[in-house]
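Engineer: One structure follows; several queries about it will come next.
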Amino acid sequence: MDCSECGDIRYAMEFAPIPADVHEATLEIPNLVGLQNSLTPLDWVIDLKFAPADPSTIIPVIEYQPTVTLVSVTSASTTSIPETYGATLVLDKSASLPDGYILYGNITWTDPIIPRMD
C-alpha cells in the first residue's frame, strides 16, 4: 500500500520454534502496530506451509553478547554530544551471505518524547 504519511516502518514478530511435526499454520494480524487503522488494511490472515530445509541452504547465525564500552568525557571538551533520547542500539546476531550480511538487532529508548510501539 502506498502510504506517504506512514514513512518507513518495520517491526518484527518473534515466535517460539515450531515443532517438527507441524507443517501448516495461520498467521493472524488484526492491525499493524503503530499505524492508524484507517491507513492500512485490517485483519490480516496469512496461511503458511512449512517444509524441512535442505541442509546446504541453511545459513549459520552467530549470536552476540553485547559489550559495554565506557567513554570518558572531560569538562574541557568542545565537541557537542548529540541528544540520544536514552537510546541503546544492540547487535544481537548476524548471518553471513555470499554478497553481504544480515544483521539482527534492537533499539530501546527511555525518553518519553518517543512513544512506544508495543
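Engineer: Need the failing condition index for Thr88 against (1) among the hydroxyl-bearing types (Ser, Thr, Tyr); (2) at pLDDT 75 or above; (3) out of contact with any strand residue (DSSP E or B) (no Cβ under 9 Å at 6 or more places or on another chain), just the number.
Structural biologist: (3)
Engineer: In addition: Any residue that is outside any loop (DSSP other than H, G, I, E, B) and at pLDDT below 80 - is there at least one of those in segment 17-25?
Structural biologist: For segment 17-25, residues outside any loop (DSSP other than H, G, I, E, B) and at pLDDT below 80: absent.
Engineer: Out of segment 48-65, which residues are part of a loop (DSSP other than H, G, I, E, B) and open to solvent by 90 Å² or more (accessible area, probe 1.4 Å)?
Structural biologist: Residues satisfying the conditions are Pro52, Ile58, Pro60, Tyr64, Gln65.
The values are calculated or read from the model by the stated rules, or taken from the named source; none is laboratory data. Here the structure is a predicted model, which means the values were calculated and not measured. Glycine also receives a Cβ, built like all others from the backbone with ideal geometry; neighbour counts cover every protein chain displayed. SASA here: full protein model, heavy atoms, side chains in, ligands and nucleic acids out. Shrake-Rupley method; radii C 1.70, N 1.55, O 1.52, S 1.80 Å.
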